[in-house]
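The values are calculated or read from the model by the stated rules, or taken from the named source; none is laboratory data. Quick caveat, the model's predicted, so the values are computed rather than measured. FYI the Cβ positions are ideal-geometry reconstructions off the backbone, even for glycines, and counts take in every protein chain you see.
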Amino acid sequence: MGIIKEEKLKFLFNQFNHTSEFKLFEELASGHINDTYLIKTHEKPYFVLQRINHKVFKNVPGLIHNKVAISRHLKEKLGHLSEQVLRRHVLDFINTKNGAPYYKDKDGNYWNMMVYIEDSVTFETVNNEEVAYEGGKLFGNFLFLTSDFLASKLTDVIPKFHDMSFRFSQFEEALKVASVERLNLANTYITEVNELKEEMHILQKLKESGAIKLRVTHNDTKISNALFDKDNKGLCVIDTDTVMPGIVHYDFGDAIRTICNTAPEDEKKLELVNFNICYYKAYVKGFLEKIESDLSAVEIEHLPLGAKTMIFIMAIRFLTDFLNGDIYYKTAYPEHNLDRAKNQFKLIESLSEKFKEMGINNL
Ligand code: GN1
Ligand code: MG
């Protein structure tokens with residue numbers, strides 16, 4: 001099996017335009033959707049080869065087009081940096097030997113490849129304030145640098161991705177098809193979802209009324225989608241698959257969801273799941289340093305609600321997938337999605353106790 005996989009990855013790697021020699025591969029298993037491999041070559045640089053899940057992403061060519069266009073834009077904006085420094089801050093995608101930005105294999109799978117950024121680290125959970133602060137700067141700067149990118153040029157790779165009404169309608173459909181066993185296991189959380197329904201639609205309403213503007217957003221700003229150097233300084237925002245028009249609260253909130261959780265998103269021991277307000281404050285500081293000049297009073301006022309809303313949207317999505325029998329996210333065991341949902345609800349509970357302290361003027 002291992003040998004077959006290695007041969008396959010070697011073949012795929014060699015479809016791309018480079019002069020490197022494949023040595024070995026390692027799976028990078030932190031994502032829930034795509035399959036990602038680090039390809040080690042005899043000489044550096046190494047590469048990251050990725051299969052984009054086309055069941056989840058219906059328009060893979062559109063997705064790759066978005067990623068490449070965003071990288072190009074970032075490179076132009078950071079054109080004052082040396083080539084060497086730039087390569088550590090912006091993803092560099094490699095075309096195939098035929099000049100295409102992705103390779104489609106005989107089974108219909110789509111592959112894309114980028115240069116691996118050397119001496120970089122990622123965090124699943126945060127252990128010090130500096131990483132929270134640097135994460136804030138990194139994601140804030142991503143929004144700042146893409147603020148003049150025409151959002152209408154982006155393909156909507158997953159329409160309604162962070163649309164609350166859409167996620168509620170998926171949840172309600174799942175309730176109809178779920179097994180009695182799963183409904184029973186999820187019972188308490190189904191009640192919680194319904195109790196929060198109104199509050200969790202506030203941001204969507206402000207977006208729809210035009211009170212909060214649409215901008216280019218990353219939409220998956222969990223902290224493991226940020227690269228850091230060995231001194232905890234932010235390097236590069238990765239996983240730009242879901243770059244689409246959105247509101248600032250999506251990116252602010254999803255980062256807080258992961259940075260301020262004292263445990264990983266699937267930690268089962270809920271007493272370990274707490275909201276770290278110090279990391280919140282550090283993140284806000286870094287984030288606003290980069291993007292405050294571009295934000296309206298309404299946007300700033302609603303940042304804390306953005307955090308609560310993004311934790312909730314992941315909770316409802318994990319719960320929905322559990323009720324559906326685990327058809328969307330990769331899972332390692334039968335109750336994995338339920339554990340993820342429980343974890344996010346515990347985080348909401350802990351955040352709610354500190355909600356007043358989270359107001360930007362109180363910091
Ligand atoms: C998925 O696979 P990954 O880690 O890039 C999901 C995100 C969730 C995240 C939860 C396309 O992202 O929305 O926040 O899991 N991506 C998609 O960890 O659904
Ligand atoms: Mg992602």
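Things to note:
- Restricting the first member to the stretch 28-41 and to residues that are in a loop (DSSP other than H, G, I, E, B), and the second to residues that are among the hydroxyl-bearing types (Ser, Thr, Tyr) and more than 13 Å from ligand 2 (Cβ to nearest atom), the beta-carbon pairs closer than 9 Å and six or more apart or on different chains are LEU28/TYR37; HIS32/THR331.
- Test: residue in the stretch 52-70 that is more than 16 Å from ligand 2 (Cβ to nearest atom), surrounded by 12 or more Cβ atoms within 10 Å (Cβ to Cβ), of a type in the set (D, E, K, R) and more than 24 Å from ILE327 (Cα to Cα): no
- Count of the stretch 229-250 residues, restricted to those that are of a type in the set (D, E, K, R), more than 23 Å from VAL284 (Cβ to Cβ) and within 15 Å of ligand 1 (Cβ to nearest atom), is 1.
- Residue match in the stretch 93-114 (condition: under 13 Å from ILE238 (Cα atoms) and touching an Asp or Glu at 6+ places or on another chain (Cβ under 7 Å)): yes
- Looking only at residues of the stretch 202-229 that are in a helix (DSSP H, G or I) and away from ligand 2 (no atom under 16 Å from the Cβ), we find that the one that is farthest from VAL131 (Cα to Cα) is SER209.
- Among the residues making up the stretch 69-94, those that are assigned to a helix (DSSP H, G or I) and either without any contact (Cβ under 8 Å) to a residue 12 or more places away in the chain or among the charged types (D, E, K, R) (or both) are ARG72, LYS75, GLU76, LYS77, GLU83, GLN84, VAL85, LEU86, ARG87, ARG88.
- Search result, residues across the stretch 29-51 that are more than 13 Å from ligand 2 (Cβ to nearest atom) and either outside the structural domain of PHE16 (by TED's automatic domain parsing) or under 30 Å from ARG317 (Cβ atoms) (or both): ALA29, TYR37, LEU38, VAL48, LEU49, ARG51
Here's the yes/no breakdown for (1) outside the structural domain of HIS65 (by TED's automatic domain parsing); (2) under 27 Å from LYS281 (Cβ atoms); (3) in a helix (DSSP H, G or I):
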position: PHE144; (1), (2), (3): yes, yes, yes
position: SER147; (1), (2), (3): yes, yes, no
position: PRO159; (1), (2), (3): yes, no, no
position: SER165; (1), (2), (3): yes, no, yes
position: GLU172; (1), (2), (3): yes, no, yes
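- One residue stands out among those in the stretch 1-37 that are within 16 Å of ligand 1 (Cβ to nearest atom) and surrounded by fewer than 15 Cβ atoms within 10 Å (Cβ to Cβ): the one that is farthest from GLU265 (Cα to Cα), which is GLU27.
- Of note, THR217 satisfies the criterion of being of a type in the set (Ser, Thr, Tyr), more than 11 Å from ligand 1 (Cβ to nearest atom) and touching an Asp or Glu at 6+ places or on another chain (Cβ under 9 Å).
- Looking at ASN232, ASN194, just one residue is away from ligand 2 (no atom under 16 Å from the Cβ), closer than 29 Å to LEU86 by Cβ and surrounded by fewer than 20 Cβ atoms within 10 Å (Cβ to Cβ), and that residue is ASN232.
- Matching option when the condition is in a helix (DSSP H, G or I), within 20 Å of THR258 (Cβ to Cβ), among the charged types (D, E, K, R) and touching a helix residue (DSSP H, G or I) at 6+ places or on another chain (Cβ under 8 Å), among GLU124, GLU134: GLU134
- Residues that are crowded, with 24+ Cβ neighbours inside 10 Å, near ligand 1 (Cβ under 10 Å from one of its atoms) and either among the acidic types (Asp, Glu) or farther than 25 Å from LYS290 by Cα (or both), drawn from the stretch 251-266: ASP254
- Scanning the stretch 253-281 for residues that are over 18 Å from the mean Cα position of the chain (by Cα) and aliphatic (A, V, I, L, M) turns up LEU270, LEU272, VAL273, ILE277.
- Scanning the stretch 94-117 for any residue that is under 26 Å from VAL248 (Cα atoms) and not assigned by TED's automatic domain parsing to the domain that holds THR221 turns up nothing.
- Residues of the stretch 316-363 satisfying the condition of being among the polar types (S, T, N, Q), surrounded by 24 or more Cβ atoms within 10 Å (Cβ to Cβ) and either in contact with a His (Cβ under 6 Å, 6 or more places away or on another chain) or closer than 15 Å to GLU265 by Cβ (or both): ASN337, ASN343, GLN344
- Pair list, Cβ < 7 Å and 6+ apart or interchain, from the stretch 240-266 residues that are over 17 Å from ALA341 (Cα atoms) to residues that are assigned to a helix (DSSP H, G or I) and acidic (Asp, Glu): VAL248/GLU299
- Any chance VAL193 is in the same structural domain as LYS342 (by TED's automatic domain parsing), under 26 Å from GLU335 (Cα atoms) and away from ligand 1 (no atom under 16 Å from the Cβ): yes
- Residue satisfying all of: in the stretch 240-254; in a helix (DSSP H, G or I) and under 19 Å from ILE212 (Cα atoms); nearest to ligand 2 (Cβ to nearest atom) among these: ASP254
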